[in-house]
Amino acid sequence: MLLTITTTHMPADDLGFLLHKHPAKIQSVALTAGQVHIFYPEVSAERCTVALLLDMDPVALVRNAGPQGSDFALEQYVNDRPYVCSSLMSAGIAKGLSSALNGRCKDKPELIGVAMPFTVRVSVLPVRGGEALLQSLFAPLGYTINAVQHPLDPAFPEWGSSRYFTVELTHTLTLQQLLSHLYVLIPVCDNSKHYWVAKDEVDKLLQKGKDWLETHPARELIVRRYLKNQRVLANQVLEVLFQHEGTNVQEPDNIAEEDQEPTSLPIHERRLQAVRDELLVAGAKRVVDLGCGEGKLLKLLMTERQFGYLLGMDVSYRALEIAKDKLKMDRMTDKQRERIQLIHGSLTYRDQRLEGFDAAALVEVIEHLDAPRLKALEQTIFEFAKPQLVVITSPNAEYNIRFENLPAGQLRHGDHRFEWTRKEFETWATAIAVRYGYHVSFKPVGDADPVVGAISQMAVFSQPVPQPGLE
Ligand code: SAH
């Protein structure tokens, strides 16, 4: 696993002083699960490149990984960790380049504050959230991003894209800024469950994020992912970041402490988190949850300050009663109550209350409608309500053969009217996108099996942003 950093700052070989690493030497630093080798593939006054080669020890990784949980028994031994740029690269940067990361330069301290042109190349970066996520993380910091997404298997193009990218980032900034961005954002892209977050990660994140995280538009997503969605830890960081804004991070209070450990997250929780991430990345503020059921997504979204107004709608009174209870709506302050509302309604009728939202989510809803009613649902959402973003999830029927107790041909849930293969779902969603002028992309939810795909599937529809001067 290779990461290179190139500069053309003159004289470029000053990089050696900044890194405290002599350009003529190869140096190796031991990590808890492997080593990082640091060397210079090119050195001249015009151009200098340093390379970090991560040499992982997968067995040590398993031994040192801390609590694990997986639905695939051999996953500890068969996984992508040795081949990708992950939190281990952050560990490599912290250990191998600690002086530069902490802004120290013994021999030429005058270089510390100098902004230099840098190009970073990461040979394989897992990105859960695709190119949109890369853009939302790096573009606000001023980077130009060049990303190539790799297919799952070049021999089977119909399997689609993998989550692996070769990424090139270009920017002019200090080396310390560059390294602190990489240190934090590499694990955020990866969002893997393969490491255990210790309590001291809170301090590390605050320290490495100093000067840039507080003002980053995706700061909540960054903090939550970096800390593996452990809400207690994430909120500690967010409290610090938001202290100047004088508001509480967690509203409403008393959100159940279940599901703290993402390694054992049930699939529905992963689905909800995937939808939340899409909404966060898109910058949505006003969100409507259509077919909100018992309010699970709303509850998750309430913990994110980005979402200024949330509306839940469902056809079932009973579900809405439960949602009201679970969200503790009776005990909300006036301010909290202004932020969330539940309404009774059906997706098959035009409804003006659904207009004016940045985003709509439909989590495992469409398969509850009789197929002929879907046309009406499409109109309600895409013709009349017209949010900028629509996120729809639905079961992937191909995955059903993996359920041992589900007889072939049977649906997963008594109230499901249909379950679609990836092709059926994509055909349906693409036709909608074409008809109503949206862009649509598809993502697996849950770990993707190379043959049958993931347990659930997600379509993300977005309206093209009008380009000034192109109309
Ligand atoms: N989105 C929730 C619930 C999914 S279950 C969650 O992820 O937890 C499907 C929900 O869709 C049910 O609550 C059901 O009442 C609702 N639903 C079914 N048909 C609907 C319709 N026509 N309009 C609005 N909601 C509907």
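In sequence order, segment 118-124 has phi-based couplings of 10, 10, 10, 10, 10, 5, 9 Hz under the Karplus curve 6.51 cos²θ - 1.76 cosθ + 1.60, θ = phi - 60°, and Gly or Pro positions carry x.
Could you sort out which of Lys106/Lys204; Lys285/Lys326; Lys25/Lys95; Lys210/Lys299 sit more than 26 Å apart by Cα distance in this structure?
Violating the 26 Å Cα-Cα cut-off are Lys210/Lys299.
The aspartates and glutamates whose alpha-carbon is closer than 16 Å to the alpha-carbon of Lys375, local same-chain residues fewer than 8 away aside, are Asp351, Glu367, Glu383, Glu424, Glu426.
Going by accessible surface with a 1.4 Å probe and the largest first, Phe357, Phe384 read Phe384, Phe357.
If each DSSP helix of 4+ residues adds -39,500 (n - 2.57) and the sum is divided by the residues in the chain, what number results at 222 nm, nearest 500 deg cm²/dmol?
Working: 15 runs with 137 residues, N = 471.
Per the formula, -8500 deg cm²/dmol.
A simple spin-label model places pseudo-atoms 7 Å from Cα toward Cβ; at Glu321 and Thr421 they are separated by 4.2 nm. Packing, taken as the mean count of other beta carbons within 10 Å per residue, orders the peptides 294-307, 362-375 from highest to lowest as 294-307, 362-375. Axis angle, to the nearest 10 degrees, between helix 175-190 and the longest C-alpha principal axis of the chain: 40 degrees. Computed from Cα atoms, the angle from the helix 87-96 axis to the main principal axis of the chain rounds to 20 degrees.
The Gln336 and Glu42 beta-carbon pair, evaluated with R₀ = 51 Å, returns a calculated FRET efficiency of approximately 0.35.
Looking at the chain, the accessible area is 46 square angstrom per residue; that uses a 1.4 Å probe and ignores ligands, DNA and RNA.
Computed with a 1.4 Å probe over protein heavy atoms only, the accessible area of His150 comes to about 70 Å². Relative to the longest principal axis of the Cα atoms of the chain, helix 267-281 runs at roughly 70 degrees.
Our summary gives the chain a relative contact order of 10 percent, counting only alpha carbon pairs under 8 angstrom and 6 or more residues apart. The protection proxy used here, the mean number of other Cβ atoms lying within 10 Å of each residue, ranks peptides 429-437, 131-139 as follows, highest first: 131-139, 429-437.
The share of accessible area on segment 2-196 that comes from carbon and sulfur is 56 percent, using a 1.4 angstrom probe.
In the chain, the C-alpha radius of gyration followed by the widest Cα-Cα span (Dmax) gives 23.7, 73 angstrom.
Would you give the gap between the C-alpha center of segment 144-164 and the C-alpha center of segment 350-406, rounded to a whole Å? Distance between centres, Cα-based: 27 Å. For segment 265-462, the share of DSSP beta bridges that are antiparallel, to the nearest 5, is 45%. 7 Å from Cα along Cα→Cβ at both Leu2 and Glu110: what's the point-to-point distance in nm? Computed distance between label sites Leu2 and Glu110 equals 3.5 nm.
As a test question: what accessible area, to the nearest 10 Å², does Arg104 have when a 1.4 Å probe is rolled over all protein chains in place? Rounded to the nearest 10, that gives 120 Å². Extension gain, Thr166-Ile145: 0.36 nm per intervening residue step, less the Cα-Cα distance, totals 6.5 nm. For the chain, give me the percentage of DSSP beta bridges that are antiparallel, rounded to the nearest 5 percent. Antiparallel bridges make up about 75 percent of those DSSP assigns within the chain.
The values are calculated or read from the model by the stated rules, or taken from the named source; none is laboratory data. As the structure is a prediction and not an experimental result, all values here were calculated from the model. FYI the Cβ positions are ideal-geometry reconstructions off the backbone, even for glycines, and counts take in every protein chain you see. The area values use the complete protein model at the heavy-atom level, side chains included, leaving out ligands, DNA and RNA. Shrake-Rupley method; radii C 1.70, N 1.55, O 1.52, S 1.80 Å.
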